[in-house]
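For reference, the structure discussed in these notes is given below.
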Amino acid sequence: MEACQAFGLGSNPGRRILFLKNINMHKNKKKLVEKILFLIELAEKEKDKENPYIKEYVSLALRIAKKINYRLPKEIHLKICKNCQTIRTTKNTRYRTETKNQNKYLKIRCLECDYLKKIKYLEKKK
């Protein structure tokens, strides 16, 4: 089932723009969060099939999240490239670790858009 059909938008992905304009944020926030998570899961399932609509699913989910002021969970946020809005896979992403001034960093580079994301490791205190 495609995302457009799941939300009652028919088979035309272009109708999603009208869907975003008609959002009543306060009444439907729980339903919209479910839709955001559904779109991300759908994009993750379709990434192996190389579906051309993956970027649209992710961008739609991010726009809905921005509209209702919803912060994505960290696991989902790390799976998505901020610049080109693709799902990270081993084919299109490179992971490197680096140490500077006794701090450890994880560098995630998207090979499609060449975007670099640095994440600082936090040492667990014993």
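The values are calculated or read from the model by the stated rules, or taken from the named source; none is laboratory data. A quick note: this is a predicted structure, and the numbers were derived from the prediction, not measured. Glycine gets a Cβ as well: all are built from the backbone with ideal geometry, and neighbour counts include every protein chain shown.
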Problem set entry | Boolean, Ala43 is within 22 Å of Lys30 (Cα to Cα), touching a Leu at 6+ places or on another chain (Cβ under 7 Å) and of a type in the set (A, V, I, L, M) | no
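Each row is one residue, and each column tells you yes or no for (1) in contact (Cβ under 8 Å) with a residue 24 or more places away in the chain; (2) more than 28 Å from Leu122 (Cα to Cα); (3) hydroxyl-bearing (Ser, Thr, Tyr).
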{"site": "Ile68", "(1), (2), (3)": "yes, yes, no"}
{"site": "Arg71", "(1), (2), (3)": "no, no, no"}
{"site": "Cys81", "(1), (2), (3)": "yes, no, no"}
{"site": "Ile87", "(1), (2), (3)": "yes, no, no"}
{"site": "Arg94", "(1), (2), (3)": "no, no, no"}
For this session: Would you check which residues across the stretch 83-108 are surrounded by 16 or more Cβ atoms within 10 Å (Cβ to Cβ) and part of a strand (DSSP E or B) and list them?
Result: Ile87, Thr93, Ile108
Seminar exercise, completed: So, first residue at pLDDT 90 or above and polar (S, T, N, Q) in the stretch 40-61, second residue assigned to a loop (DSSP other than H, G, I, E, B) and surrounded by 15 or more Cβ atoms within 10 Å (Cβ to Cβ), Cβ within less than 8 Å, six or more apart or across chains; the pairs are Ser59/Gln85
Problem set entry | Verdict on Lys107 being among the basic types (Lys, Arg), in contact with a strand residue (DSSP E or B) (Cβ under 7 Å, 6 or more places away or on another chain) and under 19 Å from Glu44 (Cβ atoms) | no
